[in-house]
Amino acid sequence: MVGLSTLLCTLIVTFVFTAAGDGTTIPDGGPGASFPSAAELAASDGFVSGLSGAASILGVITLSFWAIAAATDFSTGLIRLLVQAEPRRLRLLAGKVLALTLCTAAVSLAATLTAIMTSGAMAAPAGIDTAAWANDGLVSAASDALMAWANTYLAMLIWGIIGLVIAVATRSSAIAIASGVGYVLVIESIVGLVAGDAAAWLPGAILTAIASGGTADVAYGAAATLGLAYALVGLAVSTVVFVRRDICD
Amino acid sequence: MIAIHTEHLTRRFAGRTAVDSLSLDLPAAGVIGLVGPNGSGKSTLIRMLLGLIRPSDGSAWVLGEPIDQQRRIANRIGALIESPAFVPALSAHANLRSLADLRGLDPGRIDEVVATVGLTGREREPVKTFSLGMKQRLGIAAALLPDPDLLILDEPTNGLDPAGIVEIRNLLRSLGTRGRTVVVSSHMLSEIEAVCDYVVIIKCGAVLFSGPIETLMARAAATIDVAPEHPADLERLGLLLADAGWRAGLAGDGCLRLTAPSHQAPAVNRVAMAGGITLGRLTATTGSLEDLFLSLTSDDPGPNPRSHSVEPTPPPHANGADSPTISQRG
């Protein structure tokens, strides 16, 4: 997960800087895309702005990882051994969520560091002025980096919880990944065309807003609140299904 | 002492009753065989006992605790349900270590159970390189990890080679004689017959038989096939045997079949000799668990060992007869 995330993060940040440097207009890709402009990249926090472009793909990777981690126990039958060893299913699920949360923290940190390093490496070739990056001092830069990581991490966690809910309900990683990614990247885009502004409040758009520190449609605070609400509902549904449902074949 | 007690335990799945008001008392200590045709409800029963699925009705206690309180007995039960499942990329030792950690057990126990199932030397290899038989051994090792009072094994010899089957069979026997209760669900009736002290036969979610294996085997439909040296004597032999209290029927091939235990074969011979008939064949056959199982679980209403009488009227005794060879099968 770390390798794939850092690789894709490198590619996307490279693309973001190259496109911004060329003056290429990146089309609005709906909930799956939020690409900064050249001016945004040249701003004082521009060294982390490229990360928002990778947020969706990081989210997809996280959703898939959480879904696989949750569903594989069912498809392999390992869940039988685990539940026998620890009959308190709530504790079992909490342990898994905690482990995945820590893993996602590490992945999001690696992705953030990768994005910063790639930004530094790509700014000059892309012709992005980086003078403002150091204007506010090291503390401010560290604060920007920390905030970018926190936003990315929060968005990735919510993506992961979406994957967890679907995986616990379907007990199939393939179905969980297909339906999760399909919904966020395809269905929600279609809903966006039909519903207009209302689509900005759907999970995919909210997660992009969180990772970007807010968008024109949704302020960061509102996005974070709604995102946390989605996460809590997701965890509640996962818990009820995991604890109550029979463990058959 | 009772290891497992169920009262009207029932589980329904979408209109189908997998376990039907099942009431059982299984004794503590010893090896208990759980047999039944496919879809008879064995796995559902085991899953309910382990808290993996909830009963629709009724209640059950395992080791004195209600089954909805699995936490209290988790480390007193070890189970291998269906095929063994492990993380393939991890070694056998690492898999067992994670289970030991989850159960809060001493990791030192791992080497013990690995040795018990004969995997010493292979425990550091990834499970994905294991054969089915080795995975089965590892599954049994995982079940033994908590040093359980109750061991529930579903098809424990599945995938094992003949030597492995004997090894596991001996292991089950020794576990059963060391005060543990071992419940073995298996389709291999010879295995059940060889290792079990107690048998439960289930069909369509209901108990057909539950009791010591000796009691069940005593109900086996033992037969004696008898044929006169001269086929012309067949009818007269039948009459003589009927007069002596046996019910004899034609078994084909110039042979009569008596439903009688093998120890009555000499008496049959004496009756024939007393009537001046020399026997050409006298074969006593003991019923097997397989025969019993098939007769119990068959939809065809054949002989039922539960209602079958194996004690005919005591036959008269006759002396001084040349005995033909008696072969005993089963």
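The values are calculated or read from the model by the stated rules, or taken from the named source; none is laboratory data. What you are looking at is a predicted structure, and each value in this text was computed from that prediction instead of being measured. No Cβ is skipped: glycine too gets one built from the backbone with ideal geometry, and neighbour counts run over all protein chains shown. When the accessible area is computed, the model is the full protein with side chains, heavy atoms only, and any ligands, DNA or RNA have been set aside. Shrake-Rupley method; radii C 1.70, N 1.55, O 1.52, S 1.80 Å.
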Counting only helices (runs of 4 or more DSSP H) wholly inside the stretch B:174-248, the ones holding at least 2 residues that are acidic (Asp, Glu) are B:189-195, B:234-243
Selection count, the stretch B:199-252, where residues are of a type outside the set (Lys, Arg) and in contact (Cβ under 8 Å) with a residue 24 or more places away in the chain: 34
Quick one: is B:ARG178 among the charged types (D, E, K, R), away from every other protein chain (no Cβ under 14 Å) and farther than 24 Å from B:GLY36 by Cα? yes
Some residue of the stretch B:177-185 being farther than 29 Å from B:PHE209 by Cα and free of Cβ contacts under 8 Å to residues at least 24 places away in the same chain: no
Tell me which of these B:LEU216 doesn't satisfy, since it passes every other one: (1) farther than 16 Å from B:LEU296 by Cβ; (2) buried (at least 21 other Cβ atoms within 10 Å of the Cβ). (1)
So which helices (runs of 4 or more DSSP H) stay within the stretch B:70-149 end to end and still have 1 or more residues that are within 9 Å of another protein chain (Cβ to nearest Cβ) and touching a helix residue (DSSP H, G or I) at 6+ places or on another chain (Cβ under 9 Å)? B:70-73, B:92-103, B:132-144
What number of residues in the stretch B:155-174 are surrounded by fewer than 22 Cβ atoms within 10 Å (Cβ to Cβ) and under 22 Å from A:ALA85 (Cβ atoms)? 3
When you look at A:ALA236, is it open to solvent by 50 Å² or more (accessible area, probe 1.4 Å), without any contact (Cβ under 8 Å) to a residue 40 or more places away in the chain, assigned to a loop (DSSP other than H, G, I, E, B) and out of contact with any Phe, Trp or Tyr (no Cβ under 8 Å at 6 or more places or on another chain), yes or no? no
A:GLY196 - would you say it is of a type outside the set (Asp, Glu) and surrounded by 19 or more Cβ atoms within 10 Å (Cβ to Cβ)? no
In the stretch A:213-249, residue farthest from the other protein chains (Cβ to nearest Cβ) [restricted to those that are within 19 Å of A:ILE162 (Cα to Cα) and among the polar types (S, T, N, Q)]: A:THR225
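Residue-by-condition table, conditions (1) closer than 17 Å to B:LEU160 by Cβ; (2) open to solvent by 40 Å² or more (accessible area, probe 1.4 Å); (3) among the acidic types (Asp, Glu):
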site: B:LEU99; (1), (2), (3): no, no, no
site: B:ARG103; (1), (2), (3): no, no, no
site: B:VAL114; (1), (2), (3): yes, no, no
site: B:VAL117; (1), (2), (3): yes, no, no
site: B:GLY121; (1), (2), (3): no, yes, no
site: B:VAL127; (1), (2), (3): yes, no, no
site: B:SER131; (1), (2), (3): yes, yes, no
A:PHE74 over 30 Å from A:ASP22 (Cβ atoms), open to solvent by 10 Å² or more (accessible area, probe 1.4 Å) and more than 14 Å from every other protein chain (Cβ to nearest Cβ): no
Could you please let me know if A:ARG171 is over 25 Å from the mean Cα position of the chain (by Cα), among the charged types (D, E, K, R) and either under 20 Å from A:ILE12 (Cβ atoms) or within 14 Å of another protein chain (Cβ to nearest Cβ) (or both)? no
So B:GLU191 clears everything in (1) modelled with pLDDT of 90 or more; (2) of a type in the set (Asp, Glu); (3) closer than 18 Å to B:PRO84 by Cβ except one condition, right? Which one? (1)
Among the numbered conditions (1) in contact with a Phe, Trp or Tyr (Cβ under 6 Å, 6 or more places away or on another chain); (2) farther than 30 Å from B:ARG12 by Cα; (3) open to solvent by 30 Å² or more (accessible area, probe 1.4 Å), tell me where A:GLY214 comes up short. (3)
Matching residues, the stretch B:139-154, being open to solvent by less than 10 Å² (accessible area, probe 1.4 Å) and more than 18 Å from the chain's Cα centre (by Cα): B:GLY139, B:ILE140, B:ALA141, B:ALA142, B:ALA143, B:LEU144, B:LEU145, B:PRO148
